[in-house]
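Asker: Have a look at this one.
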Amino acid sequence: MAGICSLALLTLLLAAPWTGSQGMSLRRSHSVCCHKDMFIWRKIPASKIKSYRDTPSLCSRKAVIVELQKGTVCVDPKASWFQKYLKEEKSISTST
């Protein structure tokens, strides 16, 4: 009986870190995707944008996560104002 209890405890101890890391990665992948209600459609002034990154390909909606001075928002990467922002950023980085 003690052997069965020890085996069960060992199984639980070994499974706990794996389950935790899997749960963490699932939460992380979910948090980097943008859902319909998370998008902002108005133009954001370039001076407010700290950084941006594309959402992973596993996300159902293609988007850009834009980090602002006060939080983050999701943006359609095809939005005309964002495309203009990217061109201006590229011209600034190539001229320096």
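Asker: Considering only residues of the range 24-52 that are small (Gly, Ala, Ser), assigned to a helix (DSSP H, G or I) and out of contact with any helix residue (DSSP H, G or I) (no Cβ under 9 Å at 6 or more places or on another chain), which is modelled with the highest pLDDT?
Answerer: Within the range 24-52, the subset small (Gly, Ala, Ser) is 25, 29, 31, 46-47, 51.
From what's left, assigned to a helix (DSSP H, G or I): 25, 29, 31, 46-47.
Restricting the remaining residues to those that are out of contact with any helix residue (DSSP H, G or I) (no Cβ under 9 Å at 6 or more places or on another chain) gives 25, 29, 31, 47.
On the way: Ser25: 35, Ser29: 40, Ser31: 58, Ser47: 93.
Checking each candidate, the answer is Ser47.
Asker: Could you identify the single residue in Ile92, Ile4 that is loosely packed, with under 10 Cβ neighbours inside 10 Å and at pLDDT below 90?
Answerer: Ile4
Asker: Does Lys62 count as in contact (Cβ under 8 Å) with a residue 24 or more places away in the chain, part of a loop (DSSP other than H, G, I, E, B) and either surrounded by 10 or more Cβ atoms within 10 Å (Cβ to Cβ) or aliphatic (A, V, I, L, M) (or both)?
Answerer: No; evaluated as a whole, the condition is false for this residue.
Asker: Considering only the range 66-88, state which residues are of a type outside the set (Val, Ile, Thr) and without any contact (Cβ under 8 Å) to a residue 12 or more places away in the chain.
Answerer: Once the filter is applied, which keeps residues that are of a type outside the set (Val, Ile, Thr) and without any contact (Cβ under 8 Å) to a residue 12 or more places away in the chain, the range 66-88 yields Lys70, Gly71, Lys78, Ser80, Gln83, Lys84, Leu86, Lys87.
The values are calculated or read from the model by the stated rules, or taken from the named source; none is laboratory data. Since the structure is predicted, the reported quantities are computational estimates derived from the model, not experimental observations. Using ideal geometry, Cβ is built from the backbone for each residue, glycine included, and neighbour counts are taken over all protein chains shown.
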